[in-house]
Every structure is written in C-alpha cells, then in structure tokens.
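To start, the structure itself, in structure tokens.
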Amino acid sequence: MDPRVVEAMQPYFTDFYGNASSLNSFGFKAKEALEKSRETIAEFMNAEASELIFTGSATEANNLVLKGHAFKEGKSKCHIAVSSVDHDCVLLSAKWLKRQGFKITILPVDKYGFLDLDALEKTLEENVTLVSVVHGNNEIGTIQPIEEITRVCHEHGALFHTDAVQSFGKLAIDVRKIKIDFMTINGHKLYGPKGVGALFKRKGRELDTLIHGGGHEFGLRSGTENIPAIVGFAKAVELREGEMEAEARHLTNMRNKLIKATLEIEETYLNGHRTKRLTNNTNFRFSYIEGEAVVLSLGSEGIAASSGSACSSKSAEPSHVLLAIGLKPEEARGSLRISIGKYNTEEDIDYIIQVLPKIVKRLRAMSPLKD
Ligand SMILES: *Cc1c(COP(=O)(O)O)cnc(C)c1O
C-alpha cells in the first residue's frame, strides 16, 4: 500500500469509528466519508456517485454482475457470454450459472489473448443479454479493445461488463465515453487496501442482489460498510490522478527492458502481446522447465514472481488463460509471470536480468525433457 493510503485510513479505525447507517454524530462522520469516497472514485471514471456500489472484493463485484443479471433476467431470457481468458471469479460464476440452467457461452481468443470479434458477433446473434470481458488480463497483460467490444455488443442489444481490475488506475477509462454498462474495480491492485472492491452500474441498468439484509449500497449489497477500506480505496484512486502518466512511462521502460533481455535466453517466448499489454506485466515461457521451479529459484534470490495467477497457484492445473491462447499443458506449466510496480527500480530489473538466465540454465541442465 502507498503510505499515504495507510495514513488516510488510520483515523477511521480510531477517531471516526461510527457506523455509516447510525443517526448519531459518529455515524454522520462515517456516512460523510463513505459518500465522499464514492464521489472520488466515480469522478475518476467519469461516473455519477449513485452508479458506484462498494463490495468486499472484485470477486464479489464480478459475482454480483453475472449472477445479479441472471437472476434479474430469469432463465428464459438470460444469455451471458464471457471470454475464455477472464478471471476465475467470472468464469466459474458463469459455469455455475450454466449448471443452474442458464444459457452461457464462452468466447474464444487468439494467440495473444485478444477476443475473437467474429465469434463475438456470431454469438451475439443468439439474443445475448450480457457480455463480460476482462479489460487488462491479469496473467498475460493483454489489453482488450473494450470500446469496440462495447459498440458491437450494443449494436446487438447486449449489455457489456468489463473486469477492469488490472487496468483501472493504469489506463484512463471514461465510462461515459465508452458507454460501458458495468465495470469491476478493486483497491489492492492500485496500492490501496485488500478486501474492498466496487461495481460501476450505469444508471437504469438493473441487477438482483446476492446479499440480502439492511439494504446498504442501494439495496444491492447489504452489510455495514468497511469505511477504513473504502476511504483507503478512494485515497489510492485519488493519488492515481497525478501519478498515472509518469508511472506508465517508468513501468513501460522497465517492462520492455526485462522482456528484451529475457527473450535473449534461448528457447524463451513471451506470452501475450509485445506492446498491447499492461505496463506492469511480463509473462514468459521457457522450454523444458517448469515455471514453478523458476519461481522457487527466483524466490531464494529474493525475487517474488508467480507462475499462473496468484489465486490459482495452489492447484496443479495449468493456467486456463495460457491454455486458451493455445499453449499445450506442458508449455503452460513452463510459464513465469513477473509483475512490476511503482516501487520497483531500474536496479531491480538489472538484478533479475542477471539472475534469471543462470536459473534457467541450471534447471535445464537437470531437466529430463532436454537431452
Ligand atoms: C485480482 C483480480 C480479481 C480479484 O480481485 P479480488 O479483489 O482479489 O477479489 C479479479 N479480476 C482480475 C482481473 C484481477 O486481477
């Protein structure tokens, strides 16, 4: 977290600990912080405050939009299409809905992870009610052309939702200009706190709630609001305003340097697109060795990396994103993701560049796949 975010949150644990629903001075103070935070975040995407629903995570916001839409439309009408490279919280929600009897289509992508627009158009002819496509991919960094996708969806009468967790705060997103219907974001991917997310829901769009109770968050997400986390989320978003551009240049330079140097290792490939990718993301594939072995070796050199997505690291299954872009299971298992952030320096990159080739060489020397 950005220290300024921690600082902004602090008083809401101690001095202003009220419940935003209480009709006393402590409650008013909390309510004021809640609504000011809502305005700050809404403004950053050019939405109205009343179009932002706070949730406990992006996972929850994605569940809310898919299931909330399905329940609102009903089985006879609902048809949801999701991309094959979306986060598990979208894909597994869609698959669960399918088991409940809702119509679900999973849309293919090309070798870079871009949505197959022909397949989208074809599917849209089957009365699709909602399309959900991740904006910036959390594993391979691919940035989808959401403006074009939104337009195509609307031409066919379908609503469009994007999971913009990875892109929000890195790329400028104007929901009035792009006319997105729903958008998911969260705190901890932009130097804010974990355990807080939000769903942008355009005025007039309807969803059923998944969590019934006191009717908080416009009746869509009952439960006492987590004021410190929401205040921290808003502070993190506010800080993006002044930092986004310079940071993008800094990260892009470091990312490109890391990609260039790593691809000099023989039989090494880049997953995702060389340039149309998130500024902070790299994802490589090394023949003959397991990505996880590289992750562990990097770890012992003080470098924190990852093979698939952070959430699925405990499962032995290869990443569904890497399979969706056409990799064989053994190729997917040979993949490594290194993400960078604003606190990384040029020296960090130089260090990785120095350490990584040696690790790959050592692991390959032990590999039964390489003779
Ligand atoms: C991290 C992430 C999520 C899940 O966010 P949580 O707030 O941890 O639930 C969803 N989608 C994408 C693209 C992500 O990167």
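Counting the residues of region 91-108 that are in contact with a Cys (Cβ under 7 Å, 6 or more places away or on another chain) and either crowded, with 20+ Cβ neighbours inside 10 Å or not assigned by TED's automatic domain parsing to the domain that holds Lys77 (or both) gives 1. Only one entry in Gly223, Gly232 is assigned by TED's automatic domain parsing to the domain that holds Val134 and surrounded by fewer than 17 Cβ atoms within 10 Å (Cβ to Cβ), namely Gly223. Considering each residue of region 147-159 in turn, at least one proves to be away from the ligand (no atom under 16 Å from the Cβ), modelled with pLDDT of 95 or more, in contact with a strand residue (DSSP E or B) (Cβ under 8 Å, 6 or more places away or on another chain) and in a strand (DSSP E or B). Are any of the residues in region 196-209 more than 16 Å from the ligand (Cβ to nearest atom), part of a loop (DSSP other than H, G, I, E, B) and among the β-branched types (Val, Ile, Thr)? Yes, region 196-209 contains at least one residue that is more than 16 Å from the ligand (Cβ to nearest atom), part of a loop (DSSP other than H, G, I, E, B) and among the β-branched types (Val, Ile, Thr). For region 32-54, the criterion of being within 16 Å of the ligand (Cβ to nearest atom), of a type in the set (S, T, N, Q) and within 22 Å of Thr150 (Cβ to Cβ) is met by no residue. Every condition in (1) touching a strand residue (DSSP E or B) at 6+ places or on another chain (Cβ under 8 Å); (2) within 16 Å of the ligand (Cβ to nearest atom); (3) outside any loop (DSSP other than H, G, I, E, B) is met by Asn63 except one, and the failing one is (1). Within region 20-47, if we keep just the residues that are among the small types (Gly, Ala, Ser) and closer than 18 Å to Phe182 by Cβ, the residue that is surrounded by the most Cβ atoms within 10 Å (Cβ to Cβ) turns out to be Ala47. Among residues of region 66-90 being part of a helix (DSSP H, G or I) and more than 9 Å from the ligand (Cβ to nearest atom), the one that is nearest to the chain's Cα centre (by Cα) is Leu66. Give region 171-184 a look and list any residue that's in contact with a helix residue (DSSP H, G or I) (Cβ under 7 Å, 6 or more places away or on another chain) and either within 13 Å of the ligand (Cβ to nearest atom) or on the phi < 0 side of the Ramachandran plot (or both), or say none. Correct list: Ile178, Ile180, Phe182, Met183, Thr184.
In the set (1) within 16 Å of the ligand (Cβ to nearest atom); (2) under 27 Å from Tyr343 (Cβ atoms); (3) surrounded by fewer than 23 Cβ atoms within 10 Å (Cβ to Cβ), the condition left unmet by Asp2 is number (1).
Flag: Asp163 matches the condition of being in contact (Cβ under 8 Å) with a residue 40 or more places away in the chain, among the acidic types (Asp, Glu), within 16 Å of the ligand (Cβ to nearest atom) and assigned by TED's automatic domain parsing to the domain that holds Glu51.
Out of Leu327, Leu296, one residue alone is among the hydrophobic types (A, V, I, L, M, F, W, C), part of a helix (DSSP H, G or I) and surrounded by fewer than 23 Cβ atoms within 10 Å (Cβ to Cβ). It is Leu296. Going by the conditions given, is Ala61 at pLDDT 95 or above, within 18 Å of Ile180 (Cβ to Cβ) and in the same structural domain as Arg205 (by TED's automatic domain parsing)? The answer is yes for Ala61. Just one of Lys77, Lys122, Lys111, Lys67 is surrounded by fewer than 20 Cβ atoms within 10 Å (Cβ to Cβ), farther than 25 Å from Pro145 by Cβ and not small (Gly, Ala, Ser); which is it? Answer to the check: Lys77.
For region 91-118, a residue qualifies if it is of a type in the set (A, V, I, L, M), under 23 Å from Gln166 (Cβ atoms), part of a helix (DSSP H, G or I) and without any contact (Cβ under 8 Å) to a residue 60 or more places away in the chain, and the qualifying residues are Leu92, Ala94, Leu117.
The values are calculated or read from the model by the stated rules, or taken from the named source; none is laboratory data. Values in this document were obtained by computation on a predicted structure and should not be read as measured data. All Cβ positions, even for glycine, are placed from backbone atoms using ideal geometry, and neighbour counts span all protein chains on display.
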